[in-house]
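Reviewing the structure listed below.
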Amino acid sequence: MACGLPSVCSRVSVIPSLIENKCGIILKNTKPKTIANAIKTITSNQIKLKKMGCKARQISQRYSLEVWRDKIGKRLEKKWGRLITH
């Protein structure tokens, strides 16, 4: 997703909520034929591939290490005050 490519994924943890059916395909099962068909579906339509890739990049940017650092930092500052650095 961070590379601007759609994903093919299974229903594990929070992954389906990240995909949101806008930037990839969520598999019904993980059989090789199912995976191959999902890849064929994505790659057979270049316009859809590009749109899904752009959406994947946008979604992934919400979950970068920098975003998490800043969110966690703000929560810590709110709770404990500004950090002192030397």
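The values are calculated or read from the model by the stated rules, or taken from the named source; none is laboratory data. The structure presented is a predicted model; accordingly, all values stated were derived computationally and were not measured. For neighbour counting, all protein chains shown are included, and Cβ atoms are generated from backbone atoms with ideal geometry for every residue, glycine included. These accessible areas exclude ligands, DNA and RNA; they are computed on the full protein's heavy atoms, side chains included. Shrake-Rupley method; radii C 1.70, N 1.55, O 1.52, S 1.80 Å.
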### Query
Which residues, counting only those in region 1-35, are of a type in the set (G, A, S) and open to solvent by less than 40 Å² (accessible area, probe 1.4 Å)?
G4, S7, S10, G24
### Task
Residue by residue through region 46-59, note down the ones that are under 17 Å from C9 (Cα atoms) and either among the β-branched types (V, I, T) or at pLDDT below 90 (or both).
I59
### Message
Could you go through region 40-61 and let me know if any residue there is of a type in the set (K, R), in contact (Cβ under 8 Å) with a residue 12 or more places away in the chain and assigned to a helix (DSSP H, G or I).
### Response
yes
### Query
Which residues, counting only those in region 16-69, are touching a Gly at 6+ places or on another chain (Cβ under 7 Å) and of a type in the set (D, E, K, R)?
R57
### Whichever residue in region 60-86 is at pLDDT below 90 and among the aliphatic types (A, V, I, L, M) and, among such residues, is least open to solvent (accessible area, probe 1.4 Å)
V67
